[in-house]
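Chemist: First the structure, then my questions, so here it is.
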Amino acid sequence: MFACYRCPALCASRKQIVLPDVSDAMLHLPLLVIGEAPGADEDVQGRGFVGRAGRTLHRLLESFGLVRWYQYGCANIVRCRPEGNRRPTAEEIWNCGDFLLETLERSEPEAILLVGGTATSVFCGSGPLHTHIVDLRRGDHQLNLDLCHPRLKPFFEQRAVRVFAIPHTSPLSWNRNAPDGRKWSEWAKEEVRVLSAVFAKR
Ligand code: URA
C-alpha cells in the first residue's frame, strides 16, 4: 500500500491519498491527463477527476473520441487534497514530484494533457496560461526543458512526448473569458480537437 507523510499540511487536510489511474502497471494508456490536486469529491472517493470538474473534462474528451481508461488515465501534480482547495505550495509540488515522475515513467504516455494553470506552470514555468497554450502550439507541443520542473525534466530529456494544456474544467474557470474575449471552454475545445487528431492519425 502506498503511504506518504512528506507534507504535514496535506497529511492533515487529506482523507486519503489519491493515486493516479496508471498506478496499475498493467494499464498502459497513450494519453495522461494531469490536474492540480484532488478536490473534495476525489478526496472522499479516492480517485482523481470524479467531481464536477472531472465530469466536464470527461465530457469534453469523449466528444472527441477520447475515453477514460481506454485512451487516457488521470493523475495530479500532488496526490493529496489541500485544505479548502488552495493551490499546492512549491514545497508540496517538489515533494510529490518524484511520484509524478514515476507515474510518467511507468505509463510512458505518448501525449500529456495539462489541466489548469497550476499543472501547466509546473511543466511550462510561470506566466499566464494562454501564453503557454500558444507557445506549446508554436513549438509543436514539445516542452521547453529549461522551464520544466527539475523533478520532471529527466522524463522529457529522453523522449519527444507531445504536451497540450487547457484551462481548468472547474465551473469557476470554465465559464470565464480568456484574455482574447473568448470563453476558456472554447480554448479547451480547440486544444482537445488538435490533441484528438494526433491519435486519429495513428
Ligand atoms: N481538479 C483537479 O485538478 N484534479 C482532480 O483530480 C479533480 C479536480
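Chemist: With Pro179, Pro171 as the choices, which residue is in contact with a helix residue (DSSP H, G or I) (Cβ under 6 Å, 6 or more places away or on another chain), on the phi < 0 side of the Ramachandran plot and not polar (S, T, N, Q)?
Modeler: Pro179
Chemist: Considering (1) loosely packed, with under 15 Cβ neighbours inside 10 Å; (2) at pLDDT 95 or above; (3) more than 16 Å from the ligand (Cβ to nearest atom), say which one Trp94 fails and leave the rest.
Modeler: Unmet condition: (1).
Chemist: Would you pick out the residues in the stretch 118-134 that are exposed (fewer than 15 other Cβ atoms within 10 Å of the Cβ) and in a helix (DSSP H, G or I)? Full working, then the answer.
Modeler: Applying the first criterion (exposed (fewer than 15 other Cβ atoms within 10 Å of the Cβ)) to the stretch 118-134 yields 126-128, 131, 134.
Thr131, Val134 - these are the residues of the stretch 118-134 that are exposed (fewer than 15 other Cβ atoms within 10 Å of the Cβ) and in a helix (DSSP H, G or I).
Chemist: Any residue at all in the stretch 102-118 that's over 20 Å from Asp43 (Cβ atoms) and touching a Cys at 6+ places or on another chain (Cβ under 7 Å)?
Modeler: No, the conditions are met nowhere in the stretch 102-118.
Chemist: Would it be correct to say that Glu102 is open to solvent by less than 70 Å² (accessible area, probe 1.4 Å), of a type in the set (Asp, Glu) and in a helix (DSSP H, G or I)?
Modeler: When the stated conditions are applied, Glu102 does not pass them.
Chemist: Still on this model: How many residues are assigned to a helix (DSSP H, G or I), within 16 Å of Gly48 (Cβ to Cβ) and touching a His at 6+ places or on another chain (Cβ under 8 Å) when one looks only at the stretch 105-117?
Modeler: Total meeting the criteria: 1.
Chemist: While we're on this one: Just to be sure, is Ile166 more than 16 Å from the ligand (Cβ to nearest atom), open to solvent by less than 80 Å² (accessible area, probe 1.4 Å) and at pLDDT 95 or above?
Modeler: no
Chemist: Could you list, in sequence order, the residues of the stretch 1-19 that are assigned to a loop (DSSP other than H, G, I, E, B), loosely packed, with under 14 Cβ neighbours inside 10 Å and among the aliphatic types (A, V, I, L, M)?
Modeler: Met1, Ala3
Chemist: Looking only at the stretch 169-180, how many residues end up being open to solvent by 50 Å² or more (accessible area, probe 1.4 Å) and of a type outside the set (A, V, I, L, M)?
Modeler: To start, the set of residues in the stretch 169-180 that are open to solvent by 50 Å² or more (accessible area, probe 1.4 Å) comprises 171-172, 175-177, 179-180.
Going one step further and asking which of them are of a type outside the set (A, V, I, L, M), we end up with 171, 175-177, 179-180.
Number satisfying all stated conditions: 6.
Chemist: Can you name every residue in the stretch 135-154 that is assigned to a helix (DSSP H, G or I) and open to solvent by 30 Å² or more (accessible area, probe 1.4 Å)?
Modeler: Asp135, Arg137, Arg138, Lys153, Pro154
Chemist: Is it the case that the stretch 75-82 has a residue that's under 13 Å from the mean Cα position of the chain (by Cα) and either outside any loop (DSSP other than H, G, I, E, B) or under 23 Å from Glu190 (Cβ atoms) (or both)? Steps first, answer last, please.
Modeler: Within the stretch 75-82, the first condition is being under 13 Å from the mean Cα position of the chain (by Cα), and the residues that meet it are 75-79.
Next, from what is left, pick out any that are either outside any loop (DSSP other than H, G, I, E, B) or under 23 Å from Glu190 (Cβ atoms) (or both): 75-76.
Looking for residues that are under 13 Å from the mean Cα position of the chain (by Cα) and either outside any loop (DSSP other than H, G, I, E, B) or under 23 Å from Glu190 (Cβ atoms) (or both), one finds at least one in the stretch 75-82, hence yes.
Chemist: When you go through Ala3, Ala75, Ala9 one by one, which is the residue that is within 12 Å of the ligand (Cβ to nearest atom) and among the aliphatic types (A, V, I, L, M)? Walk me through how you get there before you give the answer.
Modeler: Numbers: Ala3 fails: within 12 Å of the ligand (Cβ to nearest atom); Ala9 fails: within 12 Å of the ligand (Cβ to nearest atom).
Unique residue meeting the criteria: Ala75.
Chemist: If you don't mind, another one. Could you tell me which residue of the stretch 25-61 is surrounded by the most Cβ atoms within 10 Å (Cβ to Cβ), considering only residues that are assigned to a loop (DSSP other than H, G, I, E, B) and small (Gly, Ala, Ser)? Explain how you work it out, then say what you get.
Modeler: Start the filter on the stretch 25-61 by keeping residues that are assigned to a loop (DSSP other than H, G, I, E, B), which leaves 25-30, 36-39, 46-51.
Pick out the ones that are also small (Gly, Ala, Ser) and you get 25, 37, 39, 46, 48, 51.
Details: Ala25: 8, Ala37: 27, Gly39: 22, Gly46: 13, Gly48: 25, Gly51: 19.
Checking each candidate, the answer is Ala37.
Chemist: For residues in the stretch 62-71 being away from the ligand (no atom under 14 Å from the Cβ) and out of contact with any Ser or Thr (no Cβ under 8 Å at 6 or more places or on another chain), which is most open to solvent (accessible area, probe 1.4 Å)?
Modeler: Looking only at the stretch 62-71, we keep the residues that are away from the ligand (no atom under 14 Å from the Cβ), and these are 62-67, 69-71.
Checking the rest, the ones that are also out of contact with any Ser or Thr (no Cβ under 8 Å at 6 or more places or on another chain) come to 62-63, 67, 69-71.
On the way: Glu62: 106, Ser63: 83, Val67: 52, Trp69: 113, Tyr70: 168, Gln71: 55 Å².
By that ranking, first place goes to Tyr70.
Chemist: Would you please list the contacts, defined by Cβ atoms under 6 Å and residues six or more apart or on different chains, that run from a residue in the stretch 41-53 that is more than 9 Å from Gln16 (Cα to Cα) to a residue that is assigned to a helix (DSSP H, G or I) and at pLDDT 95 or above?
Modeler: Gly48/Glu42; Phe49/Leu57; Val50/Asp41; Val50/Glu42; Gly51/Asp41
The values are calculated or read from the model by the stated rules, or taken from the named source; none is laboratory data. This one's a predicted model, so the numbers in the text were calculated from it and none came from an experiment. Ideal geometry is used to build each Cβ from the backbone, glycine not excepted, and the neighbour counts take in all protein chains shown. SASA here: full protein model, heavy atoms, side chains in, ligands and nucleic acids out. Shrake-Rupley method; radii C 1.70, N 1.55, O 1.52, S 1.80 Å.
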